[in-house]
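Visitor: My structure is below; once you've seen it, I'll send some questions.
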Amino acid sequence: MMNLNSFDYPLPKDLIAQSPAKKRDDSRLLVVDRKTGSLEDRHFSDLADYVPAGDVLALNDTKVFPARLLGNKKGTGGKVDVLLLGPSGPNAWRCLVQPALREGQEIVFPFAGAEAFFLKRGADGIPVLEFKHVPDVRVFAERHGTMPLPPYIKREAGKEDDADYQTVYAAKCGAVAAPTAGLHFTEDLIRRLIAKGVTVLYVTLHVGYGTFRPVEDLEDHRMHAEYFELSKESAEGINQGRSEGKRVWTVGETCVQAKRLIPGRGETDLFIKEPFEFEIAGRLITNFHLPKTTLLLLVSAFMGESLRRKAYEHAIREKYRFYSYGDAMLIL
């Protein structure tokens, strides 16, 4: 039986990246070979050296929207920090709210008389806010919100984060956290891969804030559902590549549990942990993740927990940069 403490590790605070590399693909890349257990220190710009012609590279084209809103408690003026998670009815949104409010309390925003009413808590305990004088909450956030940087980035989001905390191929708005493994790609690197003969396809998974939530119980943990879209073109391209013996390289934890992909859209709350059979993903490009999180469990399931520990110990020793704006790992 797995022990949750196995997925904990000490990390010096100075290795938590507070800003990205000056050039996206200048970030470091730890290449891990599952067959030999070898580790190789490279740079992300070297990725094209590893992906052979004909293989399929699957990128998540979700787009982060400025989901963080700052307001004040009506009556007292106390500051309130609101993170929009997703719609929950007409003009109602599931939100994280700091500090905690009581049901019935109201929030005033300093824009066009906009307000929000703490309607209730959902079945999962997440507050639901009903917005007033706001015709479209997402449009309101696009105009007045800021990028929802993760809590371990100890600074306020700046204008540079509007671009930095977004992949260069972001297209479909809906995520409240970036698909961070994709932040390392440049348009030039993608062009080089395509010129080499790599098939580049896109899927959509709107990353939710639950990606940062620690696991407290391996057996009872419940994932926050995330919206996905898989187009006919991408499904057929991935299926064809696999039928021809080509590998699928997944960027980030956008993994699928199926022998053959079927186009569609919906929500997924798949919790991946050992043992798990990865039927689609043959190679994985990922960042370095927080302890005791579902992302770390997924990576451990893909490469084996022993090798995962070896890779993380090496990365810490060699002072790789960790988390959203940090360096990357390629698992062969």
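Visitor: Can you check what the Kirkwood hydrodynamic radius comes to for the range 1-64, Cα pairs only, in Å to one decimal?
Guide: 15.6
Visitor: Out of the DSSP beta bridges found with both residues in the chain, what percent are antiparallel (nearest 5)?
Guide: 70
Visitor: Please rank 296, 30, fewest neighbouring Cβ atoms within 10 Å first, as an exposure proxy.
Guide: So the ranking, lowest neighbour count to highest, is 30, 296.
Visitor: Here is a follow-up. What are the residues whose amide H is under 5 Å from the amide H of residue 200, where those residues sit 5 or more places off or on another chain and H is modelled from the backbone?
Guide: 57
Visitor: Also: Calculate the dipole size of the chain relative to its Cα centre from +1 charges on Lys and Arg beta carbons and -1 charges on Asp and Glu beta carbons; express the result in debye to the nearest 20.
Guide: Result for the chain is approximately 320 debye, rounded to the nearest 20.
Visitor: For the range 152-166, what does the Karplus curve 6.51 cos²θ - 1.76 cosθ + 1.60, with θ = phi - 60°, yield as ³J(HN,Hα) per residue in whole Hz, taken in order and with x for Gly and Pro?
Guide: 7, 8, 8, 7, 6, 5, x, 4, 5, 6, 4, 9, 5, 8, 8
Visitor: Also: Sorted from fewest to most neighbouring beta carbons within 10 Å, what does the list 271, 44 look like?
Guide: Ordered from fewest to most neighbouring Cβ atoms within 10 Å, 271, 44 come out as 271, 44.
Visitor: Nearest 0.05, what FRET efficiency do residue 139 and residue 48 give at R0 = 41 Å with Cβ-Cβ as r?
Guide: FRET efficiency, residue 139 to residue 48: 0.60.
Visitor: Fewest Cβ neighbours within 10 Å first, please rank 50, 312 accordingly.
Guide: Result, fewest neighbours first: 50, 312.
Visitor: Calculate, in nm to one decimal, what residue 5 and residue 233 gain on full extension: separation in residues at 0.36 nm each, minus their alpha carbon distance.
Guide: 77.9 nm
Visitor: Let me ask you something else. If eta is 0.692 mPa s and T is 37 °C, what Stokes-Einstein diffusion coefficient results for the range 68-144, Kirkwood Rh from Cα pairs, in µm²/s?
Guide: My calculation gives 270 µm²/s for D.
Visitor: What is the dipole size for the range 254-332, taken about its Cα centre, with +1 at each Lys and Arg Cβ and -1 at each Asp and Glu Cβ, in debye to the nearest 20?
Guide: My answer is approximately 160 debye.
Visitor: Here are several values of Cα extents along the principal axes in Å: (i) 106, 51, 44; (ii) 63, 43, 41; (iii) 60, 49, 35. Which one was derived from the coordinates shown?
Guide: Correct label, based on the coordinates given: (ii).
Visitor: Let me ask another. I need to check one value: relative contact order of the range 68-144, counting alpha carbon pairs closer than 8 Å and at least 6 residues apart, in percent.
Guide: On the way: 153 pairs, mean separation 20.1, N = 77.
This gives 26 percent for the range 68-144.
Visitor: Among 134, 89, 101, which residue has its Cα positioned farthest towards the positive end of the charge dipole of the range 89-137, with +1 placed on the Cβ of Lys and Arg, -1 on the Cβ of Asp and Glu, and the dipole taken about the Cα centre?
Guide: 101
Visitor: Let me ask you something else. At 7 Å along Cα-to-Cβ for each site, give me the label-to-label distance between residue 260 and residue 317 in nm.
Guide: Going from the residue 260 label point to the residue 317 one covers 4.7 nm.
Visitor: Let me check against my output: what whole-number percent is the relative contact order of the chain, with C-alpha pairs under 8 Å and at least 6 apart?
Guide: 25
Visitor: Between residue 26 and residue 268, how high is the FRET efficiency from 1/(1 + (r/R0)^6) when r is the Cβ-Cβ distance and R₀ = 30 Å? Nearest 0.05.
Guide: FRET efficiency, residue 26 to residue 268: 0.35.
Visitor: With +1 assigned to the C-beta of every Lys and Arg and -1 to the C-beta of every Asp and Glu, and no other charges, what is the dipole magnitude of the range 68-144 about the Cα centre in debye, to the nearest 20? Could you put the intermediate results ahead of the total?
Guide: On the way: 11 positive and 8 negative charges, 27 e Å.
For this selection, approximately 140 debye.
No value in this document is a laboratory result; all are computed from the given coordinates. This one's a predicted model, so the numbers in the text were calculated from it and none came from an experiment. Neighbour counts run over all protein chains shown; Cβ positions are idealised from the backbone, glycine included.
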